[in-house]
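The structure appears right after this line, and notes come after that.
The values are calculated or read from the model by the stated rules, or taken from the named source; none is laboratory data. Here the structure is a predicted model, which is why all the values come from computation and not from measurement. A quick note on method: Cβ atoms are made from the backbone with ideal geometry, for glycine too, and the neighbour counts reach across all protein chains shown.
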Amino acid sequence: MAPRIGILAVQGDVAAHARALEGLGAEPLPVLREKQLDGLAGLILPGGESTTIAMGIERLGLWEPLRAYAASGRPMLGTCAGAILLARQVERAPVPTLGLLDALAVRNAYGTQVDSFAGPADAGAAPGLEDLRCVFIRAPELRELGPSVEVLVRVAGRPVLVRQRNLLAATFHPELTSDSRVHQLLLESGGVVC
């Protein structure tokens, strides 16, 4: 049976994440209610606009259910705005966060929309993530990483993919390339083999 992976569907490129998951043999499911978290093998907080997503989480009453989901030990992946929402603190127009990832997220650290770019992973990426191409769109930067945060990938010396226990945070958009290694990492974090 295909593992069921939820995608928080408040805003962002839910469809691109769903395609990446389907390509790995997983069943993507949009999440807009607490009940939809039941039975998921993993959860993605997609990119988009972090203020809009935070307002949607508030409106839907999902702050505590998302924290409880993470506390259950099941894997979560936050990409771009999703990484911001995982962080303990946000700089530059702060938004409410889940406070789960021991990192400071700096919004729009790479510039505005016109400063978007793609860059390769630096040498020394975690095994299996070498040569990863990362797409940055109004991307945050993760700073002040706590001691339990492991850097998996850097681009130009900056951490862009990190792991803390069952949490993965990517400051880029892995769903915008045909490379499914970040999504595969989410599945493997939950012990799922497709």
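Summary table
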| quantity | calculated |
| --- | --- |
| Where a residue in the stretch 136-147 is over 8 Å from VAL106 (Cβ atoms) and at pLDDT 95 or above and its partner, wherever it lies, is assigned to a strand (DSSP E or B) and acidic (Asp, Glu), with Cβ under 7 Å and at least six apart | LEU145/ASP102; GLY146/ASP102 |
| Cβ-Cβ under 8 Å pairs, at least 6 apart or on other chains, the stretch 168-189 side touching a residue at least 60 places away in the same chain (Cβ under 8 Å), far side surrounded by 24 or more Cβ atoms within 10 Å (Cβ to Cβ) and charged (D, E, K, R) | HIS183/GLU175 |
| Test set (1) crowded, with 19+ Cβ neighbours inside 10 Å; (2) more than 23 Å from LEU62 (Cβ to Cβ); (3) among the small types (Gly, Ala, Ser) - GLY157 fails condition number | (1) |
| Residues located in the stretch 71-97, provided they are within 21 Å of ARG143 (Cβ to Cβ) and part of a helix (DSSP H, G or I) | ALA81, GLY82, ALA83, ILE84, LEU85, LEU86 |
| Sole residue being farther than 19 Å from ALA169 by Cβ, among the aliphatic types (A, V, I, L, M) and modelled with pLDDT of 95 or more, chosen from ALA2, ALA15 | ALA15 |
| Unmet criterion (only one of (1) of a type outside the set (Val, Ile, Thr); (2) part of a loop (DSSP other than H, G, I, E, B); (3) modelled with pLDDT under 95) for GLY119 | (2) |
| From GLY111, GLY61, GLY25, residue being more than 16 Å from the chain's Cα centre (by Cα), at pLDDT 95 or above and more than 15 Å from LEU187 (Cβ to Cβ) | GLY61 |
